[in-house]
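Student: Sharing a structure below in structure tokens format, with a few things to ask.
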Amino acid sequence: MERMSIGASGELKSRLMSLVEQLREGDLDDREGSYRRFMEGLDPFEVEEAEEQLEKEGLSQRDMMLLCDAHVRYMEDITEDEEALLEMPGHPIHTLMEEHVMILVSVKKARDSVLRILNGEGDLVDRERLIGLESFFKEAQKHFQREENVLFPYMERHGITGPPARMWAEHDVLRRKEKEIARLVERMVEGDEDPVERLACSLSQLLSLLNTHFYKENHVLFPQAINVLDALEWNEVRRQFDDVGCCSFMPHHAQVGFRTMVPTEPTVTHDGEVVLPTGRLTAEEVEMLLNALPLEITYVGEDDTVRYFSKPADRIFVRTEAVIGRKVQNCHPAKSLHLVQRIVEDFKSGARDQAEFWIDMEGKKVHIRFWPLRDRKGNYRGVVEVVQNVTGIMDLKGEKRLLDES
């Protein structure tokens with residue numbers, strides 16, 4: 001699915017500037033009426049984008065606060081009508097719609113708290129509720145991640161690409177607004193009173209965006225998904241939802257009436273493809289994938305013999321095919337043999353679930369890690385060793401975003 005972004009037309013920005021001029025001249029009631037007339041028939045996500053662009057283009061702080069004040073008053077009496085849940089408890093859509101309600105209720109409580117603080121009526125509970133917003137937003141990400149990484153791909157398999165792309169673009173806007181709110185709360189905690197009014201505006205905007213977004217999902221996206229996915233696919237969606245995890249703020253994670261299917265064991269097709277729960281690969285693709293990683297991977301079987309090693313472009317340790325079938329104890333110098341033996345014995349007994357070392361070697365910082373391999377029944381099946389040159393990683397500073405070309 002090609003990622004979509006939400007834009008704001010020049011016409012919308014011009015209309016927004018005309019609204020600002022009306023807000024400058026009217027009293028509070030006039031401002032609220034002007035804003036309500038302006039918002040009729042508009043998508044709050046496009047209005048949010050237009051406001052963001054105007055602020056970057058130099059819209060004054062005073063004018064931004066006029067818009068904020070009008071938005072707060074516009075949203076003050078808007079509440080979410082409880083939607084009729086589309087599926088039975090335990091169904092992925094039922095869970096998503098339950099989370100919609102919980103997210104809206106929590107953000108509305110936060111919006112009400114900041115309004116009380118703004119009016120001088122707030123208490124410690126209101127303050128603590130705002131301080132907890134950042135962790136709440138982080139936990140709520142599981143809701144959006146399950147949609148983006150599970151539901152949307154299944155819908156795309158049935159040719160439905162537009163609505164998921166639009167919803168993901170709106171998720172990005174919501175995340176940006178949540179980060180803005182977290183920064184304002186941080187400033188408030190540090191004793192700065194200036195951001196409180198802006199915080200009230202941002203929470204009202206977020207509530208408006210969430211209301212709009214969840215309505216689209218409940219009335220367009222989810223019915224489409226229900227219409228095209230079959231029972232086996234919903235079983236898979238539910239299982240993968242559980243892999244991502246449910247939001248901890250939910251009072252319960254309904255499991256009644258919906259049983260998930262356990263993934264099948266890996267198999268090999270007649271064409272030589274290895275079919276795994278997360279995909280299918282030919283032997284050539286497996287080799288290309290493992291050798292492309294900037295890691296030296298060695299697999300030692302449950303009988304302590306070397307079974308496999310990868311061949312990345314830049315290798316640190318010398319390994320040849322002659323070691324295949326050799327006892328791992330014979331692949332290490334005598335001075336470290338006792339350490340290797342202890343690691344293997346601890347892995348077999350379950351006393352240890354990882355081991356790691358790092359050494360300096362020819363100007364490189366080399367990180368060496370070991371993990372035990374266990375099958376689905378928990379039986380010990382060997383050890384994987386991963387060697388990595390982390391010199392460059394240790395020198396990283398700042399950030400490099402995905403689309404940075406520099």
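None of the figures in this text is laboratory data; all of them are computed from the coordinates on show. As the structure is a computational prediction, the values presented were derived from the model and not from experiment. Cβ placement follows ideal geometry from the backbone for every residue including glycine, while neighbour counts extend to all protein chains displayed.
Student: Calculated FRET efficiency, GLU55 and GLU134, Cβ-Cβ r, R0 22 Å, to nearest 0.05?
Tutor: Working: r = 22 Å, r/R0 = 1.02.
Step by step, r from the Cβ atoms, then E = 0.45.
Student: Here's another thing I want to ask about it. Could you work out how far apart the two model spin labels at THR278 and ARG401 are, taking each label as a point 7 Å from the Cα in the direction of the beta carbon, and quote it in nm?
Tutor: Spacing of the two 7 Å Cα→Cβ label points: 2.8 nm.
Student: Run down the lysines and flag those whose C-alpha is under 22 Å from the C-alpha of LYS13, throwing out any fewer than 8 positions away in its chain.
Tutor: Partners within reach: LYS56, LYS177.
Student: Strictly greater than 21 Å: what percent of every Cα pair in the stretch 293-394 meets that?
Tutor: Counting pairs separated by more than 21 Å, the tail of P(r) holds 35 percent.
Student: Taking neighbour Cβ counts within 10 Å as the exposure measure, how do LEU293, LEU396 sort from fewest upward?
Tutor: LEU396, LEU293
Student: Now for a separate question. Where nothing but the Cβ of Lys and Arg (+1) and of Asp and Glu (-1) is charged, how large is the charge dipole of the stretch 293-394 around its Cα centre, in debye to the nearest 20?
Tutor: Dipole magnitude for the stretch 293-394 comes out near 160 debye.
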